[in-house]
Amino acid sequence: MLRVSLSHLRAVDIGQEVLLSSEGEMLGEVVVLGTDLVIQNTLQRMKEEYKKHRKTKSNYFYRQVGYTDRQCHSFLESFFTARSATQVSDMSLVTGRYLSVASMRTISPANFFTFAQVPVFSNQKHISSKEQLVPLHQGYARDYLTEMRVFGDGERRVYVIKFVPRNSDVRAIEGCLYVDAETFQLLKFEGRSTKEWVTHLKGKMGVVLPITYSFVVNYQHENSFAEVSSVHFRTSYTADGHKFETTGMMFNVADRYFTSRGTLRFHDNLMDIISRNGLDGDFWKQNEIVKRTPIEEEALEIFERDNLFGVF
């Protein structure tokens, strides 16, 4: 019999029997729940919060930049009021400004702003084939394949739940939910939409085309419920031999209160509405609240210098 304390041995030095000593270490209590139980707890938390806060509204700043073949052709900024619990909904325009460079390759972003309304939760037990499938609903197990992992950042543990539609032919939201392991509140939602489409406008003509669409939604909990803090999205599609891309971001600016009227519909042309409302220059001087990338700064300087905001 050979007793050793070395971590490496040559095979020829090992006899018929090797005894290894063990060291014990006490760990803190660790509780790991099954994926289904975590989803059910998260869904229940969403139901309770949505029922209580579904009419709560907040104010959002929105910026959208459009590119054709990687060349910037439009820049839009606006403020909205919207319902903010779990997902942005019922958006209502406060004011906005935009620039769109007129050319044969210019598109009018009729409904890109609606991509900021990323759905994640539904109170319905069954989502019909005509509706967009979302992860958090009572029939999720029938509609989604799920898997879960757990990680900690030193302060808290987080469940990361992946949702993949069982049927690849349905219009659905898929991605990963980041959930606080103690409270079961949403922290972040990232992913993409399948079978998405957009209306491509060229002049007065429109055609419906498939579009790729990815997103990241972050949540805040200062008011004791999961409120949308920010939304970032990117879309891309091809038409007439050109690649059209749009990036958008929306930030919660709850400490600012504005007045708005009407609710935007999916097919509304945001530029048309802003144009009809007119440009309030004083408002924008008082509300420069979000930093821009260098490319956005350069474009904005040109647009303001040439007084191009609000012009097709």
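The values are calculated or read from the model by the stated rules, or taken from the named source; none is laboratory data. The model shown is predicted, which means the values in this text are computed figures rather than measured ones. Note that we place each Cβ from the backbone using ideal geometry, even for glycine, and neighbour counts take in every protein chain shown. Accessible surface is based on the protein model in full, side chains and every heavy atom, while ligands, DNA and RNA are left aside. Shrake-Rupley method; radii C 1.70, N 1.55, O 1.52, S 1.80 Å.
Rolling a 1.4 Å probe over the protein heavy atoms gives segment 64-188 an accessible area of 41 Å² per residue.
Mind scanning LYS52/LYS195; LYS125/LYS243; LYS125/LYS162; LYS57/LYS243; LYS125/LYS195 and naming the pairs with a C-alpha gap bigger than 27 Å? The answer is LYS52/LYS195; LYS125/LYS243; LYS57/LYS243. Computed with a 1.4 Å probe over protein heavy atoms only, the accessible area of SER193 comes to about 10 Å². With an a/c value of 1.5 or above and a/b not larger than b/c for the gyration tensor axes a ≥ b ≥ c computed over the alpha-carbon atoms, segment 138-282 is described as oblate. Ordered from highest to lowest accessible area with the whole protein assembly present and a 1.4 Å probe, GLU196, GLU182 read as GLU182, GLU196.
Overall dimensions of segment 188-263, expressed as equivalent-ellipsoid semi-axes from the Cα gyration tensor (√(5λ), whole Å, largest first), are 31, 17, 10. For segment 182-205, the residues whose backbone nitrogen is under 16 Å from a point 7 Å from the Cα of LEU37, taken along Cα to Cβ, are 182-184. The tail of the calculated P(r) for segment 34-172, taken as Cα-Cα distances beyond 25 Å, holds 47 percent of the pairs.
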